[in-house]
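J.: Sharing a structure here in structure tokens format.
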Amino acid sequence: MIRKGSTEPRRRAGGAVPRARRRLRAALGAATTALLTAGALAALPQSTAHAADTLGAAAAEKGRYFGAAVSANHLGEAQYVATLNREFSSVTAENEMKWDALEPSRGSFNFSRADQIFDHAKSQGMDVRGHTLVWHSQLPNWVSQLGASDLRTAMNSHITQVMTHYKGEIHSWDVVNEAFQDGGSGARRSSPFQDKLGDGFIEEAFRTARAADPNAKLCYNDYNTDGVNAKSNAVYTMVRDFKARGVPIDCVGFQSHFNPNSPVPSDYQANLQRFADLGVDVQITELDIEGSGQAQAANYGNVVRACLAVSRCTGITVWGIPDKYSWRASGTPLLFDDNYNKKPAYDAVLSALGGAPGGDPGDPGDPGDPGDPDAACTAAYTTAEQWNGGYNGRVTITAGRSPISGWSVTLTLGSSQQVVSVWNGSPTYNGNVMTVRSTWNGSLAAGASTSFGFTVNGSAASPPQIGACTAS
């Protein structure tokens, strides 16, 4: 492809990191800022009251994440955001973390668009994959014009600056992307990095990345490596060599862009497994499958089942949400159609993950169902973080088809549980029933979301029962 756009969270590393400083100051401030703290701690696999009804929740029950590539341009679209928030547990920036977006001129970084995606994901308790640090495409012109010495300095500086900005916050990085040629040679791809720095540039990039954020998983990512072939063999040989010599590599990403001329290979699962046997995680990083109907659904189901069969396949990311925003839109390759309706491929994926196809949205059903389109507002619960003797809970409120000016939600806790703090909502109590009403965040546009959080003393094994959302 030319241009496109372990699930376990990592604790924030020490050191003077700009984002970490801001969040630490916020955490030490007034109680009204406590949601930021909860958001920063919310990168654990999610468990919800509707665990079998969404892709992210069903994947979490299997110990995986299920993510989507996201464009900042679409975060103002209510249906896009509602689908993202409801269905996915991980986010990859489609283009906003690539070199031309972050460092358009040497030493001058602009994180605003990338931070928009990052902050939205964290506010929803989602993990973030970093994509991508070193790639031959989407490079600003100044990079290609550098001599070898300056290019090495620029590459290492770019890796360090970007990873430091998000230090301790991003669980996996595509450190090097698409460095091998297509075809039968298994050779390296011509690029400024390969041509001027030689074969060692990949190893150097990984060592620099490890120094920049020791807690992030470091991935090599490529396409047309889904089955056993010359290209995947070359990547396999490199990874095996890196592991033998102690070069830091934690995961391999398989883009998995399929179409009728490049179908899911019969040895897909075996190929994932042979990489996992080297001692690295494998991740399906950019999945899309052209087609429609049951044929497309069958292919999607086969990919998911292959991942589930490999214990070190830690997650799946689809490269977009609705077909209309896909880089291959004419091939209708995603799980939602142009109007965000779930396609048969969606049901196949959810079923493969052990979920229950045919749930929300579109089925009137339970008025508290987060996907019920006829509800004035809906509420969905997530356990954000848990520890011995307590946990943080988060409830996401989503307006229905019309704007609302206020909301309230009732939660019933176990008899041994005690709420010790609530943020971004006003609570009242009646025995073990807590009713939380909106404060500053009551006004929501149609399809828009907000959330409140709370800390409980007691086991997270019995999460609170959430009632219907009531709008005003």
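J.: Label 7 Å along Cα→Cβ of Asp150; the range 190-214 residues with amide nitrogen under 19 Å?
T.: 191-198, by backbone N distance to the label point.
J.: If you don't mind, another one. Taking loop as defined by DSSP and a crowding limit of 12 other beta carbons within 10 Å, which chymotrypsin sites (Phe, Trp or Tyr not before Pro) in the range 379-456 fit?
T.: Qualifying residues, ordered by number: Trp440.
J.: Using C-alpha positions alone, give me the convex hull volume of the range 59-117 per residue in cubic angstrom.
T.: Taking only Cα atoms, the range 59-117 has a hull volume of 78 Å³ per residue.
J.: Moving to a separate point now. Send over the Kirkwood Rh of the range 92-227, from the inverse of the averaged 1/r over different Cα pairs, rounded to one decimal Å.
T.: 15.3
J.: Give me the number: length gained by fully extending Ala446 to Trp387, i.e. 0.36 nm times residue separation minus the C-alpha to C-alpha distance, one decimal in nm.
T.: Answer, rounded to one decimal: 17.7 nm.
J.: Using a 1.4 angstrom probe and counting only protein chains, how large is the accessible area of Asp226 in Å², to 10?
T.: About 10 Å², rounded to the nearest 10.
J.: Using only the C-alpha atoms of the range 158-223, find the volume of their convex hull and express it per residue in Å³.
T.: Measuring per residue, one finds 81 Å³ for the Cα hull of the range 158-223.
J.: Next up: Show me 258-266, 119-127 ranked by packing, highest mean number of other Cβ atoms within 10 Å first.
T.: 119-127, 258-266
J.: With contacts defined as alpha carbon pairs under 8 Å and 6 or more residues apart, what's the relative contact order of the range 406-472 in percent?
T.: Computed value for the range 406-472: 51 percent relative contact order.
J.: With a cut-off of at most 16 other beta carbons within 10 Å, and DSSP calling the residue loop, which trypsin sites (Lys or Arg not before Pro) in the range 130-194 qualify? Please list them.
T.: Of the trypsin sites (Lys or Arg not before Pro), the ones in loops of the range 130-194 whose Cβ has at most 16 other Cβ atoms within 10 Å are Arg189.
J.: Going by amide H atoms built from the backbone, whose H comes under 5 Å of the H on Glu385, apart from near neighbours?
T.: Asn392
J.: Provide, for q = 0.25, 0.31 Å⁻¹, the log10 of I(q)/I(0) from a solvent-free Debye sum over equal Cα point scatterers in the range 408-455.
T.: -0.93, -1.25
J.: Using the 2.2 N^0.38 Å rule of thumb for compact globular proteins, work out how the range 68-165 stacks up: its C-alpha Rg over that value, please.
T.: After normalising by residue count via 2.2 N^0.38 Å, the value is 1.18.
J.: Express the Stokes-Einstein translational diffusion coefficient of the range 191-331 in µm² s⁻¹, to the nearest whole number, given a Kirkwood radius over alpha-carbon pairs, 20 °C and a viscosity of 1.002 mPa s.
T.: My calculation gives 133 µm²/s for D.
J.: What are the ³J(HN,Hα) values, in whole Hz, obtained from phi via the Karplus relation 6.51 cos²θ - 1.76 cosθ + 1.60 with θ = phi - 60°, for each residue of the range 399-407 in sequence order, with x given for Gly and Pro?
T.: For the range 399-407, the Karplus-derived couplings read 5, x, 7, 10, x, 10, 10, x, 8 Hz, x marking Gly and Pro.
The values are calculated or read from the model by the stated rules, or taken from the named source; none is laboratory data. Just so it is clear, the structure is predicted and the values come from calculations on it, not from any experiment. When we count neighbours, we look across all protein chains shown, and the Cβ atoms used for this are built from the backbone with ideal geometry, even at glycine. These accessible areas exclude ligands, DNA and RNA; they are computed on the full protein's heavy atoms, side chains included. Shrake-Rupley method; radii C 1.70, N 1.55, O 1.52, S 1.80 Å.
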